[in-house]
Amino acid sequence: MTTPDGRAIRGFTTSPAATGGVGPPTHAPHDVLRVLHVCTGNVCRSPMAERLMRHGLAQRLGAGADAILVESAGTWGHEGAPMEVHAAAVLTEHGADPAGFTGRELLDDHVIDADLVLTATRDHRAQVISMGHAAGLRTFTLKEFTRLVRAIDPATLPDGSVTERARALVQAAAALRGWLLAPSPDADEVHDPYGAPISYFRSIGEEIHDALDPVVTALTGIPAAV
């Protein structure tokens, strides 16, 4: 893998296939990649991102989706609160399942355990990184990560397990971050729909869905069904 100016990104190799050419890559029972979505209250944006990502993984991997554990939390999380009604409605419209969700306040353990942290805004990203735990190389805004993922050649990623591929993708994105800057300050932001009408929730839900789709495809190596 190389940077946009042709310089090699060190440490990247392509491993042999581990699937026998049949179905999605397999994973060891305890080989799980943890993704954490972060917003402010953990009742609107990050719950939608969590459940839309789970839905996209299940569509591509079926039972193998348990190789990637997707969770969420809020920097001012409404601990134990239900998801906003409009957010739940938007998820249902996308075919995702909003059931059983409860809000969480972001804790150190959440950041420590996460292999990839995707935030709604740059401020959230800064807050996560400020918590320490070497989070800088695995924390991105959602739209930032989407932009970086689009620039990574899938052929340079390992074709072994889902988690091996996903971890390599996170490392590659971190290596590219300084080369692919946002076209505008607002380009990496997902705005807060809290208190807005459902039409705005739908707009934000579509924004999150569109940002997640290439990410889930890159993580799994499987495009969404048409």
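The values are calculated or read from the model by the stated rules, or taken from the named source; none is laboratory data. These numbers were taken from a predicted model, which means no experiment stands behind them. All Cβ positions, glycine included, derive from the backbone under ideal geometry; neighbour counts span all protein chains shown.
Checking ARG177, ARG125, ARG150 one by one, the residue that is more than 20 Å from VAL32 (Cα to Cα) and either within 12 Å of the chain's Cα centre (by Cα) or buried (at least 22 other Cβ atoms within 10 Å of the Cβ) (or both) is ARG125 and no other.
Just one of (1) surrounded by 22 or more Cβ atoms within 10 Å (Cβ to Cβ); (2) more than 20 Å from VAL215 (Cα to Cα); (3) in contact with a Leu (Cβ under 7 Å, 6 or more places away or on another chain) fails for HIS110. It is (1).
For the stretch 109-116, the criterion of a residue being in contact (Cβ under 8 Å) with a residue 40 or more places away in the chain, aliphatic (A, V, I, L, M) and more than 23 Å from ALA187 (Cα to Cα) is satisfied by at least one position.
For the stretch 190-226, filtering for residues that are modelled with pLDDT of 95 or more, assigned to a loop (DSSP other than H, G, I, E, B) and farther than 20 Å from PHE145 by Cα leaves 5. Go through THR75, THR102, THR92, THR141 for me and flag whichever is surrounded by fewer than 24 Cβ atoms within 10 Å (Cβ to Cβ) and under 19 Å from GLU189 (Cβ atoms). When all the criteria are applied, what remains is THR75.
Give the stretch 120-179 a look and list any residue that's over 25 Å from HIS209 (Cβ atoms), among the acidic types (Asp, Glu) and part of a helix (DSSP H, G or I), or say none. The one that is over 25 Å from HIS209 (Cβ atoms), among the acidic types (Asp, Glu) and part of a helix (DSSP H, G or I): GLU164. When ASP210 is tested against (1) in contact with a Lys or Arg (Cβ under 7 Å, 6 or more places away or on another chain); (2) surrounded by fewer than 15 Cβ atoms within 10 Å (Cβ to Cβ), just one condition goes unmet, and that condition is (1). Criterion first (of a type in the set (A, V, I, L, M, F, W, C), exposed (fewer than 12 other Cβ atoms within 10 Å of the Cβ) and either within 27 Å of ALA65 (Cα to Cα) or touching a residue at least 40 places away in the same chain (Cβ under 8 Å) (or both)) does ALA225 satisfy it? Spelling it out, ALA225 is indeed of a type in the set (A, V, I, L, M, F, W, C), exposed (fewer than 12 other Cβ atoms within 10 Å of the Cβ) and either within 27 Å of ALA65 (Cα to Cα) or touching a residue at least 40 places away in the same chain (Cβ under 8 Å) (or both).
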